[in-house]
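What follows is a short report on a single structure.
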Amino acid sequence: MSRYIAFDVETPNHRNDRMSAIGISVIEDGVIRAEFSSLIDPETYFDSFNIALTGITPEAAAAAPTFEELWPRIRPMMEDGILLAHNAPFDLSVLGKCLQAYGISWHRQVPYACTCRMARRCCPELVNHKLDTLCRHYEIPLQHHAAGSDSHACAQLFLSMGAGEKALDACLRSYDLLLLCTRSSPDFHRCRR
């Protein structure tokens, strides 16, 4: 496949079962071809920790569309490719929980790769493999915890890692959006780290 969808979500509280923002960057043929970001009304409460981390307030999110309202717009971007995220199981679990909460039927399993795992293979010499550390290493601009900036940085990171395809082959996995877990699949390799 030569289509990858880097995405990032922000959440309003510790339950991590709703989104307050999403960012999406679509890579086709080695180039970022489309980007989208939006605040989301999570229709639930905000923890002060999450407000301080993301800068997203209940008032700002209240003016945004709900996940259910936004899904028809973002679904076409999320189709037909390998999903990428930094610490991907977190973002995928939030996506799965939102789909379930709103009764939205989509794919049961999706192929994905985690750029954090890929970076551990490509840059083992770094002190850690957090997104901001990697962005400094690769000189990628980042406004951390802004979903659009994080998804763009994830896409740029994927493209910047010289061994992207090799690392991808080793770390390609399948995520079950109903059971909210990584699954073994005959079509996808489990990362061997």
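The values are calculated or read from the model by the stated rules, or taken from the named source; none is laboratory data. Keep in mind the model is a prediction, meaning the values are calculated, not measured. Cβ placement follows ideal geometry from the backbone for every residue including glycine, while neighbour counts extend to all protein chains displayed.
Counting the residues of segment 21-30 that are farther than 19 Å from residue 75 by Cβ and either touching a strand residue (DSSP E or B) at 6+ places or on another chain (Cβ under 6 Å) or in contact (Cβ under 8 Å) with a residue 60 or more places away in the chain (or both) gives 1.
In a residue-by-residue description of segment 161-171, the property of being part of a loop (DSSP other than H, G, I, E, B), of a type outside the set (D, E, K, R) and modelled with pLDDT of 95 or more applies to no position.
Yes or no, residue by residue, for (1) within 22 Å of residue 61 (Cα to Cα); (2) touching a residue at least 24 places away in the same chain (Cβ under 8 Å); (3) hydrophobic (A, V, I, L, M, F, W, C); (4) surrounded by 18 or more Cβ atoms within 10 Å (Cβ to Cβ):
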{"position": "95", "(1), (2), (3), (4)": "yes, yes, yes, yes"}
{"position": "103", "(1), (2), (3), (4)": "yes, no, no, no"}
{"position": "113", "(1), (2), (3), (4)": "no, yes, yes, yes"}
{"position": "135", "(1), (2), (3), (4)": "no, no, yes, yes"}
{"position": "150", "(1), (2), (3), (4)": "yes, yes, no, yes"}
{"position": "156", "(1), (2), (3), (4)": "no, yes, no, yes"}
{"position": "170", "(1), (2), (3), (4)": "no, yes, yes, no"}
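Of all the residues in segment 120-149, those that are part of a loop (DSSP other than H, G, I, E, B), of a type in the set (A, V, I, L, M) and more than 16 Å from residue 10 (Cα to Cα) number 3.
A single entry from 36, 7, 67 fulfils the requirement of being at pLDDT 95 or above, under 29 Å from residue 168 (Cα atoms) and either surrounded by 21 or more Cβ atoms within 10 Å (Cβ to Cβ) or among the hydroxyl-bearing types (Ser, Thr, Tyr) (or both): 7.
If I filter segment 39-61 for residues that are within 20 Å of residue 4 (Cβ to Cβ), among the hydrophobic types (A, V, I, L, M, F, W, C) and in contact with a helix residue (DSSP H, G or I) (Cβ under 8 Å, 6 or more places away or on another chain), do I get at least one hit? Looking through segment 39-61, none of the residues is within 20 Å of residue 4 (Cβ to Cβ), among the hydrophobic types (A, V, I, L, M, F, W, C) and in contact with a helix residue (DSSP H, G or I) (Cβ under 8 Å, 6 or more places away or on another chain). Selection within segment 117-138: residues that are modelled with pLDDT of 95 or more and within 29 Å of residue 67 (Cα to Cα). The member of this set that is nearest to the chain's Cα centre (by Cα) is 131.
Only residues that are outside any loop (DSSP other than H, G, I, E, B) and without any contact (Cβ under 8 Å) to a residue 40 or more places away in the chain were counted in segment 72-93, giving 4.
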